[in-house]
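Below: one structure, written as structure tokens.
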2 protein chains.
Amino acid sequence: MAVAEDYVELVADLLREEGEARSVDIARRMGVAQATVAATVTRLQRDGLVATKPYRGIFLTEAGQAMASAARERHELVVRFFLTLGLDRATAEADAEGVEHHVSEATLEAFARFLAERKDMA
Amino acid sequence: MAVAEDYVELVADLLREEGEARSVDIARRMGVAQATVAATVTRLQRDGLVATKPYRGIFLTEAGQAMASAARERHELVVRFFLTLGLDRATAEADAEGVEHHVSEATLEAFARFLAERKDMA
DNA sequence: AGCAGATATTAGCCTAGGCTATGTTTTGGA
DNA sequence: TCCAAAACATAGCCTAGGCTAATATCTGCT
Ligand SMILES: [Mn+2]
Ligand SMILES: [Mn+2]
Ligand SMILES: [Mn+2]
Ligand SMILES: [Mn+2]
């Protein structure tokens, strides 16, 4: 589901940027209540995507890391595509956040082709 | 919500194509149980988007028609954009069905600009 | 006219994703 | 050391969107 991808992607970001991924920070960055994060994290754990060490934050399993990096790659490709299309950064980021969950591999490849063409037109 | 747009868009299509929009047909075309359609239609009615005449199908209110034509326009723009980008029809349609709900006005305008440029490149 | 089959509704259930309010538990600073 | 504040968990509630099974209603055909 879309939400799972966003969570693991954010957990990966927080781990990289902050060294740890705490529930509070996830709640803040996702604009959601802490209780909501708790419930979602429980599901993610059930689905084998994350593990938690209480008061020590959230960590990614192998599966979680795989999902996170795939999500990240997709996210960045969509953003770059939108930027190249002439969107401002804020819009590109905002729309990518939703669009990324609905583009097939074939479409992502088309985006990549477009970027490649643009590049060697410079 | 995304589902409301898809429903009213489909109702509009059915009214145009078939003359009437029946629950059975909506269920079939959306790949959903009839009971699900009933529940959703109840919400759409509550939200002033549709009206029903039992055993005579579903109709759009003014608001519903407005939403339907906006949704249709958006849908078609996204599909045309994807096709121009080189996607096959099936992929373009499938991805558009999800993407259409996550593109801002600014992005749609960028899509339109892209199409315009392509056109006078021919 | 009457009834079988199509169509629609209702009841009862489920999950995801939200919320607030109210505990617990941990931790760092005095 | 110890305790207030921060972090986390739990309980209880809600809506959207799904499902199946059972029931009701309509309609077209004979
Ligand atoms: Mn996202
Ligand atoms: Mn993302
Ligand atoms: Mn759609
Ligand atoms: Mn559509």
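Which one of B:Val50, B:Val79, B:Val103, B:Val8 is within 16 Å of ligand 1 (Cβ to nearest atom) and under 16 Å from the mean Cα position of the chain (by Cα)?
Values: B:Val50 fails: within 16 Å of ligand 1 (Cβ to nearest atom); B:Val79 fails: within 16 Å of ligand 1 (Cβ to nearest atom); B:Val8 fails: within 16 Å of ligand 1 (Cβ to nearest atom).
Unique residue meeting the criteria: B:Val103.
Among the residues of segment B:13-25, none qualifies, meaning not one is open to solvent by less than 70 Å² (accessible area, probe 1.4 Å), in contact with a Ser or Thr (Cβ under 9 Å, 6 or more places away or on another chain) and more than 8 Å from DNA strand C (Cβ to nearest atom). Of all the numbered requirements in (1) open to solvent by 80 Å² or more (accessible area, probe 1.4 Å); (2) part of a helix (DSSP H, G or I); (3) over 28 Å from A:Glu97 (Cβ atoms); (4) more than 16 Å from ligand 3 (Cβ to nearest atom), B:Arg29 misses one, and that requirement is (4).
The values are calculated or read from the model by the stated rules, or taken from the named source; none is laboratory data. The structure displayed is predicted, hence computed values, not measured ones. Glycine gets a Cβ as well: all are built from the backbone with ideal geometry, and neighbour counts include every protein chain shown. With ligands, DNA and RNA removed, areas are computed over all heavy atoms of the protein, side chains included. Shrake-Rupley method; radii C 1.70, N 1.55, O 1.52, S 1.80 Å.
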